[in-house]
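Worksheet for the structure shown next.
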Amino acid sequence: MCARTPAKKTTRAARPAPELIFGDLWTFDPAPETADPRLQPRYNLYIGGKFVAPRSGKYFETINPANEKSLAEIALADASDVDVAFEAASRAFPAWSRLPGAERGKYLYRIARLLQDRAREFAVAETLDGGKPIKESRDFDVPMAAAHFFYHAGWADKLAYAFPGTQAVTPHGVVGQVIPWNFPLLMLAWKLAPALATGNTVVLKPAETTSITAMKFAEILDEAGLPPGVVNLVTGAGETGAAVVAHPLAAKVAFTGSTEVGKKIMRATAGTSKKLTLELGGKAANILFEDAPLDQAVEGVVNGIFFNQGHVCCAGSRLLVQEGIADAVLAKLKNRLKVLRVGDPLDKNTDVGAINSREQLEKIRRLVAVGVKEGAELYQPPCTLPTEGYYFRPTLFSRVQQSHRVAREEIFGPVLSILTFRTVDEAIEKANNTSFGLSAGVWTDKGSRILKMSTELKAGVVWANTYNKFDPASPFGGYKESGFGREGGRHGLADYVKLS
Ligand code: NDP
């Protein structure tokens, strides 16, 4: 009897990561999206169902971050314009809130369908104004925005069923909403759809660098025949946002943006009867256990941090990887980064587009320099960046310590910090060791571990064996300095109504 050869002891860490070198083997022809975004040279405010010039007569330029060229002029609303907008919303409120839910629902369905009709045009406009790859605005931002209107249209006549056991479901009144630049149209949809479905009227301020799709959306509201004053859009900078938040007619304020501004808004609304919801920053842990399907997990990690150039509040910006597979995962990630296509956001092959603004690019550069100085190991693939516009290479930091700023601060760019852990408890402790608590990801083959992690992670959303999955029916929101209140689902609706 021959002796059996003892099984070769292999660890997953020992396996070399196969090289993916598509980038060197194939050249991609340019594949620009050519749909006409139908931009106007100048956008006015949308108040009381009309496009009106700002009282100050002032406008500012909005540029394309991919080439720094001007796209259009945007009206600069001051406190007096905001006042007129709130007056219009207040006048519209009684009739809109008394409208039968089924009738309000019809408007929302109409808006959703009109958005679908003009999806290509909106996707191109979003990409031009914000710098995100066209494949994302085309396949994510615009369809998800329409989905939010469809979803909330369905609730408009069923509010009594959304909150069983309550006698009456009533809207707050006029809602002041302020949104950021990372998902301009989608954040508008997240804010407007539940507010309108529940019978509120709205004054909304888009972000200064990305107002175009909001103003194009006003064209859709017009086309849908929405009664004047139900939605009012005031463009401008931070002061305009502050005027919206502080307005005495705002019965509720809903904000998405940085934790810093969120804190200012908390101070501005403290001691008033205004309801407040805040969706703020994050520093999500994406946790990778050694029993996870590594290639799928690596795709999830890449999507988690490089989607929308990392300008995502729930971006998986901290990768916690179990020690035994850390080297293998790092090698796979480096290979994957080499084939990410960084460049013209309008090209259908682009994976990582332009950084939204010069200011944001400088912030990313500053924090990456800090990471290097603090001793983390930097990796950037050797890609050629366009000579014009704001671009940043996809970046990995390995050997990151918990105390490093790149592990603690929200960079809001394509930068992944990699830390290691040995046990489940250590992973939970490290993941929760942050002032934020918006989202987390867990990659493992073990269902019981997923349940334990999702219970113990202090994050509003925990994705298991996937990342960045969104659905209008699924509530989204934070813990700790990531804010409070939910958007989406019945929990999101609840933040727009009074229950008695
Ligand atoms: P901000 O929080 O400053 O901006 C969000 C929105 O609030 C914008 O419409 C902004 O206007 C408005 N705003 C600014 N100041 C005030 C104020 N005092 N009162 C009311 N509204 C105000 O984010 P930034 O765009 O400046 O980005 C800075 C950082 O914030 C990013 O680097 C990122 O870390 C984080 N961020 C987080 C987001 C998230 O989704 N969690 C989204 C965007 C940013 P304006 O655009 O004119 O300044």
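The values are calculated or read from the model by the stated rules, or taken from the named source; none is laboratory data. Bear in mind that the values here come from a model prediction, so they are computed numbers and not experimental data. For neighbour counting, all protein chains shown are included, and Cβ atoms are generated from backbone atoms with ideal geometry for every residue, glycine included. Remember, those area values only see protein heavy atoms, side chains included, never the ligands or the DNA or RNA. Shrake-Rupley method; radii C 1.70, N 1.55, O 1.52, S 1.80 Å.
Each row is one residue, and each column tells you yes or no for (1) among the polar types (S, T, N, Q); (2) open to solvent by 50 Å² or more (accessible area, probe 1.4 Å).
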site	(1), (2)
Asp425	no, yes
Ser439	yes, no
Pro472	no, no
Ser500	yes, yes
Scanning segment 336-357 for residues that are of a type in the set (Lys, Arg) and either under 27 Å from Arg120 (Cα atoms) or open to solvent by less than 20 Å² (accessible area, probe 1.4 Å) (or both) gives Arg341, Lys348
Scan segment 366-379 for residues that are touching a residue at least 24 places away in the same chain (Cβ under 8 Å) and not small (Gly, Ala, Ser) and jot them down.
Leu367, Val368, Val370, Glu374, Tyr379
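A quick yes/no check of all residues on (1) at negative phi; (2) of a type in the set (Val, Ile, Thr); (3) within 16 Å of the ligand (Cβ to nearest atom); (4) at pLDDT below 95:
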site	(1), (2), (3), (4)
Ala246	yes, no, yes, no
Ala254	yes, no, yes, no
Gly271	no, no, no, no
Leu278	yes, no, yes, no
Leu288	yes, no, no, no
Ala297	yes, no, no, no
Val301	yes, yes, no, no
Suppose we filter segment 309-359 for residues that are outside any loop (DSSP other than H, G, I, E, B) and either under 30 Å from Ser70 (Cβ atoms) or within 16 Å of the ligand (Cβ to nearest atom) (or both); how many remain?
8
Of the residues Ala197, Ala193, Ala214, Ala156, only one is within 16 Å of the ligand (Cβ to nearest atom), buried (at least 23 other Cβ atoms within 10 Å of the Cβ) and under 24 Å from Leu249 (Cα atoms); which?
Ala214
Please verify whether Ala292 is more than 25 Å from the chain's Cα centre (by Cα), crowded, with 22+ Cβ neighbours inside 10 Å and small (Gly, Ala, Ser), treating the condition exactly as stated.
yes
Taking first residues from segment 157-177 that are of a type in the set (Ser, Thr, Tyr) and second residues anywhere that are open to solvent by 70 Å² or more (accessible area, probe 1.4 Å), the pairs with Cβ under 7 Å that are 6 or more apart or on different chains are Thr166/Leu499; Thr166/Ser500; Thr170/Lys498
Being in a helix (DSSP H, G or I) and either open to solvent by 10 Å² or more (accessible area, probe 1.4 Å) or in the same structural domain as Met215 (by TED's automatic domain parsing) (or both), is that true of even one residue in segment 57-79?
yes
Suppose we filter Val406, Val370 for residues that are in contact with a helix residue (DSSP H, G or I) (Cβ under 7 Å, 6 or more places away or on another chain), at pLDDT 95 or above, open to solvent by less than 20 Å² (accessible area, probe 1.4 Å) and not in a loop (DSSP other than H, G, I, E, B); which single one remains?
Val406
Unique match (being more than 17 Å from the chain's Cα centre (by Cα), more than 23 Å from Tyr496 (Cα to Cα), of a type outside the set (Ser, Thr, Tyr) and surrounded by fewer than 24 Cβ atoms within 10 Å (Cβ to Cβ)) among Glu219, Glu208, Glu136
Glu219
Just the residues that are surrounded by fewer than 24 Cβ atoms within 10 Å (Cβ to Cβ) and farther than 22 Å from Leu185 by Cβ, please, taken from segment 244-264.
Ala246, His247, Pro248, Leu249, Ala251, Thr259, Glu260, Lys263, Lys264
Out of the residues in segment 410-445 that are farther than 16 Å from Tyr479 by Cα and in a loop (DSSP other than H, G, I, E, B), state the one that is nearest to the ligand (Cβ to nearest atom).
Phe412
Is it the case that some residue within segment 233-241 is more than 11 Å from the ligand (Cβ to nearest atom) and either within 30 Å of Leu367 (Cα to Cα) or not assigned by TED's automatic domain parsing to the domain that holds Leu185 (or both)?
no
